[in-house]
Amino acid sequence: MIPLDIVEGIACESLKVLPEEACGFVVDNEIVPCKNVHSSPLTNFAIAAEDYARAESLGDIQFVYHSHVDAPCRFSLHDIKACKQSNLPWLIYHPLSGDHTYADPRGSAPYEGRCWVYGIHDCYGLVRDFFLNEFGITLDDFERGDEEEWKASEWNMFEEHWQMQGFYEIEAPQQKGDVVLMQIESPTPNHVGVIAGKGNKFYHHLLGRYSEASTWGDFWSKMTVKTLRHKEAR
């Protein structure tokens with residue numbers, strides 16, 4: 001969770017430059033505003049290379065921030081791609097509503113309580129982070145499109161890739177790292193969760209919600225179409 005005083009400081013910086021998008025860094029819990037050098041600052045942002053260098057010289061960059069003025073308080077497809085390329089957390093602030101959204105592409109976000117950001121903080125992103133943190137296993141990332149793309153019959157991201165990622169099918173989840181592949185109001189499997197440890201607790205992330213821990217039982221077992229285990233998960 002981002003401290004309230006940091007969010008309030010970003011709000012002040014965002015209001016100062018309206019109607020343009022604000023941008024900058026948070027470095028060692030200090031806000032470092034930057035000039036938006038994009039050619040279309042009303043709808044986009046860019047930070048000059050020298051401002052990146054200046055921020056790095058001040059200490060550890062905790063995250064990049066920018067505001068959305070005419071756009072919703074959510075990551076655009078461009079934001080998602082750029083956030084991953086930067087390998088830094090990003091925060092988007094919406095000065096008209098006061099809302100903010102945060103995503104960390106480095107795999108270090110907690111398993112519970114993540115904001116939904118499709119393409120970074122979604123159900124597959126959580127499983128990827130779990131395998132990296134718990135087993136040192138790097139699963140491939142796959143480019144996402146628009147939210148709810150899984151409602152199209154041709155979308156088949158999970159079924160196309162799970163074997164190539166080192167998984168094999170088992171009868172039921174039994175141990176830490178077992179993956180449950182589910183189908184929820186979709187023509188193809190569109191949701192995954194990962195068993196947290198001994199027992200039936202599993203982590204997952206549903207559309208538009210914070211990531212959470214649930215119990216794999218009667219309800220979720222009915223949604224499950226495959227249970228998978230990674231060959232290197234020990």
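The values are calculated or read from the model by the stated rules, or taken from the named source; none is laboratory data. As the structure is a computational prediction, the values presented were derived from the model and not from experiment. Cβ coordinates were reconstructed from backbone atoms using ideal geometry, including for glycine residues, and neighbour counts include every protein chain displayed. Just the protein is used for accessible areas: all its heavy atoms, side chains included, with ligands, DNA and RNA removed. Shrake-Rupley method; radii C 1.70, N 1.55, O 1.52, S 1.80 Å.
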query = Ile10: within 28 Å of Ser211 (Cβ to Cβ), open to solvent by less than 60 Å² (accessible area, probe 1.4 Å) and under 23 Å from the mean Cα position of the chain (by Cα), yes or no?
reply = yes
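Yes/no matrix, rows are residues, columns are (1) under 18 Å from Arg234 (Cα atoms); (2) in a loop (DSSP other than H, G, I, E, B); (3) in contact (Cβ under 8 Å) with a residue 60 or more places away in the chain:
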| site | (1), (2), (3) |
| --- | --- |
| Trp155 | no, yes, no |
| Glu159 | no, no, no |
| Ile184 | no, yes, no |
| Gly199 | yes, yes, no |
| Phe202 | yes, no, no |
inquiry  = Anything in the range 14-37 that is touching a residue at least 12 places away in the same chain (Cβ under 8 Å), surrounded by fewer than 21 Cβ atoms within 10 Å (Cβ to Cβ) and part of a loop (DSSP other than H, G, I, E, B)? List them, or say none.
reply    = Val17, Leu18, Pro19, Glu20, Asp28, Asn29, Lys35
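Each row is one residue, and each column tells you yes or no for (1) in contact with a Ser or Thr (Cβ under 8 Å, 6 or more places away or on another chain); (2) farther than 30 Å from Leu139 by Cα.
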| residue | (1), (2) |
| --- | --- |
| Cys12 | no, yes |
| Leu15 | no, yes |
| Val37 | no, yes |
| Cys73 | yes, no |
| Asn87 | no, no |
| Trp90 | no, no |
| Asp99 | no, yes |
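Residues Gly119, Gly125, Gly136, Gly59: which one is open to solvent by less than 40 Å² (accessible area, probe 1.4 Å), free of Cβ contacts under 8 Å to residues at least 60 places away in the same chain and under 24 Å from Phe167 (Cα atoms)? Talk me through it step by step, then tell me what you get.
Details: Gly125 fails: free of Cβ contacts under 8 Å to residues at least 60 places away in the same chain; Gly136 fails: open to solvent by less than 40 Å² (accessible area, probe 1.4 Å); Gly59 fails: under 24 Å from Phe167 (Cα atoms).
After applying the criteria, what remains is Gly119.
Whether any residue in the range 161-172 is closer than 27 Å to Lys84 by Cα, touching a helix residue (DSSP H, G or I) at 6+ places or on another chain (Cβ under 8 Å) and not hydroxyl-bearing (Ser, Thr, Tyr) is what I want to check.
Here is the first cut: in the range 161-172, the ones closer than 27 Å to Lys84 by Cα are 161-167.
After this cut, where a residue has to be touching a helix residue (DSSP H, G or I) at 6+ places or on another chain (Cβ under 8 Å) as well, the list is none.
No, the range 161-172 contains no residue that is closer than 27 Å to Lys84 by Cα, touching a helix residue (DSSP H, G or I) at 6+ places or on another chain (Cβ under 8 Å) and not hydroxyl-bearing (Ser, Thr, Tyr).
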